[in-house]
Structure formats: C-alpha cells, structure tokens
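Notes to accompany the following structure.
The values are calculated or read from the model by the stated rules, or taken from the named source; none is laboratory data. Predicted model only: the values in this text are computed from it and were never measured. Here Cβ is always computed from backbone atoms with ideal geometry, including for glycine, and neighbour counts include all displayed protein chains.
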Amino acid sequence: MLDRLLAPITRRLVYPSRGTRIPAADTTYALSVGGADLRGWVVNPGRERALVYFGGNGEPLGWLRPELERRLPGHTSYLIAYRGYGASGGRPSQRALTADALALLDHASTLHPDAPVDVLGRSLGSGVAMQVAARRPVGRLALVTPFDSLAATAGDLVPRLPAQRLIADRWDSAAVAADVGADILVVRAGRDEVVRPPRTDALLAVLPPRTQVADFPRAGHSDLSQDPAYWSALEGFLNR
C-alpha cells in the first residue's frame, strides 16, 4: 500500500520537469518519436561530427547553446528535451526516454554518416547515455557526475525510505557497463551532494580500465560547470 501511495511522489522527484517547460515557439528543432514531438535546438549545424546531449533531471537546456557553440565548434550539437520537458510532448519514463534517445542518436547518425556520434550525459543524462552507448556504437562517451544506478542514488538521499522498491525507473548503468565499447570520460565531483562520490566510484569500478577520469575534488553537483577546468576536460576529450 505504501509503495502505491508514494510512487507518484517518487516519479515527480525523478522527473521534475515542470520547471523546464518553455513554449514550442522558443525552440527551433523538432523530432517526432513514438507519437511525441521532441523539441529543442541544433547548435553549429552542418559539421561533419555530431554530439547528442542528455541533461540532468531538472535541467533546462537553453543555457548550453552558447557554450556548445563556442567550445565544440567542430560538432553539430543536438539539444533535444526529454519528453515532458522543455517544449517536448509526452510523459517521461525510462522506457520512453531510452527509446527517444536511441531515435535521436539514429537521427544524428543518418545526418552525420562520416563519423560516429559523440554522446555527453550529465547526472540523470549519464544513465540515458549509458543505455544508448550499450545499444549503439558511439564515438566518445562523456559522463558528468554519473551513478551506478538511480535507485542506489535515491537510497543515499532518503535512507529511511525503501528507495530500491519505490524507484520504478532504476537507470542501472552498472548493469550495462560491460556492453559499452566507446572511449569514456567520467567527470567526478568530490563534494557532490546529489550523486554522492561513492555512486560514481561504483560505476567506475565496472567501466573498462581505459576509462579516463577528470576529478574535481572541491566541486559540488550544481557548481561543477563553473570551474574553467570542467570545460577544458570536456573539450580535450571530445575535440580530439
């Protein structure tokens, strides 16, 4: 009974999309997937290489447009909001978001056939990115503040609740780590109060030994990108 009562609350905590909503007129790109129009922007169109970005669970994507334009000039970057986020239609779930992410990667691969598509995922988006990279060949995979599983992450934040039972969308990145063949960069925040460092370390333990790590021991979950070395690490990895 308690599980059924708390399930809608935990879903809203996993997908707090309300604060990201914007009018469709504020976006410039749309992709129709599974009956939902997913909307966002394309940055630096016409480049040979492509990047798809998967953001955090409450992250608006608009702030990244000037950053990616300036820092990844050799990539066409696809900033498409999850369903139920931004101006995208539909309702978020792990199954739907994974299908949408695969469709976006396939779309970008078709438009950029001469090089594998690179993938960048932050926080919740690291879980999306891992599911994609386990199912499709990708170029480079950059994971910012990633976790081994969302259920374990939630358990750290609310230890008195049975998070392993309440979180239906588990986003178990550790379970698919062995299926990822891409070159990987993990960006780790040492003072992360959301994805606690042990969660990132647990994922690192099952990723290939060749995985690169950019460690920011003084950074938290929200202020990590303010460190100039953060972008330097991503640029050095993705622009190679």
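Have a look at Val138, Val187, Val195, Val144 and point out the one that is touching a Pro at 6+ places or on another chain (Cβ under 9 Å), at pLDDT 95 or above, β-branched (Val, Ile, Thr) and within 17 Å of Asn57 (Cα to Cα). Break it down into steps so the answer makes sense when it comes.
On the way: Val138 fails: within 17 Å of Asn57 (Cα to Cα); Val187 fails: within 17 Å of Asn57 (Cα to Cα); Val144 fails: touching a Pro at 6+ places or on another chain (Cβ under 9 Å).
Only one candidate qualifies: Val195.
Please verify whether Thr145 is crowded, with 24+ Cβ neighbours inside 10 Å and among the hydroxyl-bearing types (Ser, Thr, Tyr), treating the condition exactly as stated. Here the answer is yes, as Thr145 does meet what is asked. The set of residues in the stretch 188-215 being in contact with a helix residue (DSSP H, G or I) (Cβ under 6 Å, 6 or more places away or on another chain) and closer than 17 Å to Gly121 by Cβ consists of Arg188, Ala189, Val195, Arg199, Leu203, Val206, Leu207, Ala214. Scanning the stretch 68-117 for residues that are surrounded by 17 or more Cβ atoms within 10 Å (Cβ to Cβ) and either among the basic types (Lys, Arg) or in contact with a Ser or Thr (Cβ under 6 Å, 6 or more places away or on another chain) (or both) yields a count of 8. Taken together, Asp172, Asp148 contain a single residue that is under 24 Å from Ala103 (Cβ atoms), touching a helix residue (DSSP H, G or I) at 6+ places or on another chain (Cβ under 9 Å) and of a type in the set (D, E, K, R), which is Asp172.
Going through Arg140, Arg210, Arg136, Arg199 one at a time, which residue ends up being basic (Lys, Arg), in contact with a Phe, Trp or Tyr (Cβ under 8 Å, 6 or more places away or on another chain) and either closer than 17 Å to Asp118 by Cα or free of Cβ contacts under 8 Å to residues at least 40 places away in the same chain (or both)? It would help to see each step written out before you state the result.
Working: Arg210 fails: in contact with a Phe, Trp or Tyr (Cβ under 8 Å, 6 or more places away or on another chain); Arg136 fails: in contact with a Phe, Trp or Tyr (Cβ under 8 Å, 6 or more places away or on another chain); Arg199 fails: either closer than 17 Å to Asp118 by Cα or free of Cβ contacts under 8 Å to residues at least 40 places away in the same chain (or both).
Every option except Arg140 fails the conditions.
When Leu207, Leu203 are screened for being surrounded by 19 or more Cβ atoms within 10 Å (Cβ to Cβ), at pLDDT 95 or above and either in a helix (DSSP H, G or I) or of a type in the set (Phe, Trp, Tyr) (or both), only Leu203 passes.
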